[in-house]
Amino acid sequence: MKRWSPTLAGALLALGAAAQAAHAQDPAGPTAATVARRAVPNPIVAPRDFQRAVSRGTRTITGAPGPRYWQQRADYRIRATVDAAAKTLTGSETITYHNRSPDTLRIVWLQLMQNVHQAEAPRNEEAEVTGGYRFTRVAAGGQPVPESEDLRSGSGYAVDFTRMAIRPASPVLPGDSVRLELDWSYKIPQAGAGARMGHSRDNLLYLAYWYPQMAVYDDVVGWQTDPFLGAAEFYMGYGSYEYTVDAPEGWVVMGTGNLTNPERVLPADVLQRWRRAAQSDTPVRVLGAGGFGAGKATLRGANGRLQWTFRADSVRDVAFSMTRESNWDAARTPVGVRNGDGRTDYVLIQSLWRATAPRWANMVKYSQQSITHHSGFTGVRYPWPHMTAVEGEEIMGGGMEYPMMTLIGPYNAQGDTALYSVTAHELGHMWFPMIIGVDERRYGWMDEGTTNFNENEAFNDFYRGAPNAHLREQRQYVSFVNNVGDPELLRWTDLQQPNLSGFASYTKPATLLSALRGLLGEETFMRTYRNYARTWAFKHPKPWDFFNAFNAGAGRNLDWFWSTWYKEAWTLDQALGSVTSGGANTVITVEDRGSAPMPARLLVTRQDGTTERREIPVETWLGGARSATVSVPRGGSPVVRVEIDPTSSFPDVDRANNVWTR
């Protein structure tokens, strides 16, 4: 989720040579001064449950799923009836839950996100009180189960705010499945689930986290039943969905998955334009804001209602919008070339926006570039049939992601660049966490920080010649650290200090990915990054899988990097202590004044304009040194300038002491 858009903080300094350029080594090597020693990072140690998964063969120390990796699956069949006037939703749902684990499950767990709106629900941000779910039927294995306060024996179910436990009459054995049936209803909040769904102006409803959903049971944690408190986001399993939305005629419904019955809900002229858009590289106006109404935007339905049916597979969730009096624009965008026949694959890009958000006239163009870019940059092609952006003023100001869908504010005041940025961010979430299914509830940085990094790449591609977005993010990191503080990323998201939480999820981890690329070089980083994404597509990586994947890809142990930047709250401050000329050499003294060890890369400039590079390897600082020297021959032209990290690859908190000039 992104509730704010980046702001350009003035002109940035021009970047120097690429961070991955080869660095000439001092033939004699740097000399380390060991008088003033420093703390060094401890090895990164995975928790016991992860280590057990490795020993059982479901995970590996190379960062790939193990030979015995397994993953649960749920198949959903849902019918939702929306009363647009009363703002209520009534649902009926069947879940077939497949136990692919080696464990016998006596109790199964579900998530009830709408219950964050119960009066007494625990939460870490304010929420409208609407009462949450009202269940009229709960069944397991074809048999009704009663509400119960004690699930130690006998079938029954219990609700603990946003968590629901069901004990079927018989345990769910390995390789077996259980069918759950639930009937329920609730009042739709105006800006619900932490301002991630709701309704606006009687012409927009956006339904997300709208049905009881299976909690994740994985090979590391088992049942992940952390409650939804409003801020930290979601951990969801993969499965298939077939759902029907019963809505008033005149309302256009669009949601996750394929619309399987367009001929039964759309008039012939609207349907024709929609299908033409799927073959067009430029936006097609499928429907104008003035064309809404029964018989215009939609067909007429029995009793004034229509049923819209969607199907989706290999997704972790579904969401849908209901709009009237909106513009509906659409076009296609390429996502890569198919293996085998060499043909280009396309997906449909859609935008639904009201006339009060005029900047949204460019949304299809922004979305086309974002989806195409992310498909290429991550090495994983966008896998679904469409990507739809819905303008959601009054529900949220920023944006939120859902499989194949995003809800974003109008961005009238913020400007076009900000609207592009939030679009590139929310669509970047189609990869993290929608394809690479990380646990956002505990480790928000695994999706938000990675998505910020991908957003910055897309921004640099879209606004070529503009100040570098990665450098802007790094400067935001440095400013935050110097003025507020620095969080430990391995602390669970809901346990972060409120003033550090957003920074921990977004800015710091995005900056660290840029630093990691600078450390490893472009080729090694990109090969490993794409391999990590492909390896964990539609699976559930943990932080230690990410660390191990890069250790393997780099061909070296980077535990010092993970411990320094993800476990600790250490900062980098390398400084030029002195530059002295005497005898045959110019001697450069570098001091490491911070806590974070990183290579010290030096650019030495002579009076005649020639340059040389030197590097103090990270092992010098890991050995406990606080300062080190390198020497360069005096030669025929004197040294007039020395700079540490001229490409700004690493987040040094004080660059004022990184440059010496004669």
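Structural remarks
Residues checked against (1) among the aromatic types (F, W, Y); (2) modelled with pLDDT under 95; (3) touching a Ser or Thr at 6+ places or on another chain (Cβ under 8 Å); (4) over 22 Å from H386 (Cα atoms):
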site	(1), (2), (3), (4)
E426	no, no, yes, no
F432	yes, no, yes, no
R441	no, no, yes, yes
G465	no, yes, no, yes
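- Candidates in segment 586-602 are the residues that are among the small types (G, A, S) and part of a loop (DSSP other than H, G, I, E, B); of these, the one that is nearest to M446 (Cα to Cα) is A596.
- When segment 242-261 is filtered for residues that are assigned to a strand (DSSP E or B) and charged (D, E, K, R), the ones remaining, listed by number, are E242, D246.
- Which listed residue is at pLDDT 95 or above and part of a loop (DSSP other than H, G, I, E, B), from P43, P6, P67: P67
- Matching residues in segment 617-662 - criterion: being surrounded by fewer than 20 Cβ atoms within 10 Å (Cβ to Cβ), closer than 17 Å to L519 by Cβ and of a type in the set (A, V, I, L, M, F, W, C): V618, L622
- First in segment 107-128 and in a strand (DSSP E or B), second anywhere and of a type outside the set (G, A, S), Cβ under 6 Å, 6 or more apart: V108/I166; W109/W223; W109/T225; L110/M164; L110/P212; L110/M214; Q111/Q213
- Of all residues making up segment 279-311, the number that are modelled with pLDDT under 95, closer than 30 Å to S240 by Cβ and in a strand (DSSP E or B): 0
- Scanning segment 467-489 for residues that are assigned to a loop (DSSP other than H, G, I, E, B) and in contact (Cβ under 8 Å) with a residue 24 or more places away in the chain yields P467, N468, G485, D486, P487, E488, L489.
- Complete set of residues in segment 490-505 that are modelled with pLDDT of 95 or more, more than 15 Å from the chain's Cα centre (by Cα) and buried (at least 21 other Cβ atoms within 10 Å of the Cβ): none
- Any hit, segment 291-312, residues being farther than 26 Å from Q272 by Cβ and aliphatic (A, V, I, L, M): no
- Test: residue in segment 534-550 that is free of Cβ contacts under 8 Å to residues at least 40 places away in the same chain and either out of contact with any Cys (no Cβ under 9 Å at 6 or more places or on another chain) or of a type in the set (F, W, Y) (or both): no
- Among residues of segment 392-407, those that are in contact (Cβ under 8 Å) with a residue 40 or more places away in the chain and not in a loop (DSSP other than H, G, I, E, B), counted: 6
- Complete set of residues in segment 195-225 that are more than 27 Å from T88 (Cα to Cα), in a loop (DSSP other than H, G, I, E, B) and among the acidic types (D, E): D219
- Residue that is of a type in the set (D, E), more than 26 Å from S170 (Cβ to Cβ) and surrounded by fewer than 21 Cβ atoms within 10 Å (Cβ to Cβ), where the choices are D83, D103, D75: D83
The values are calculated or read from the model by the stated rules, or taken from the named source; none is laboratory data. Not measured: the values here are computed from a predicted model. Using ideal geometry, Cβ is built from the backbone for each residue, glycine included, and neighbour counts are taken over all protein chains shown.
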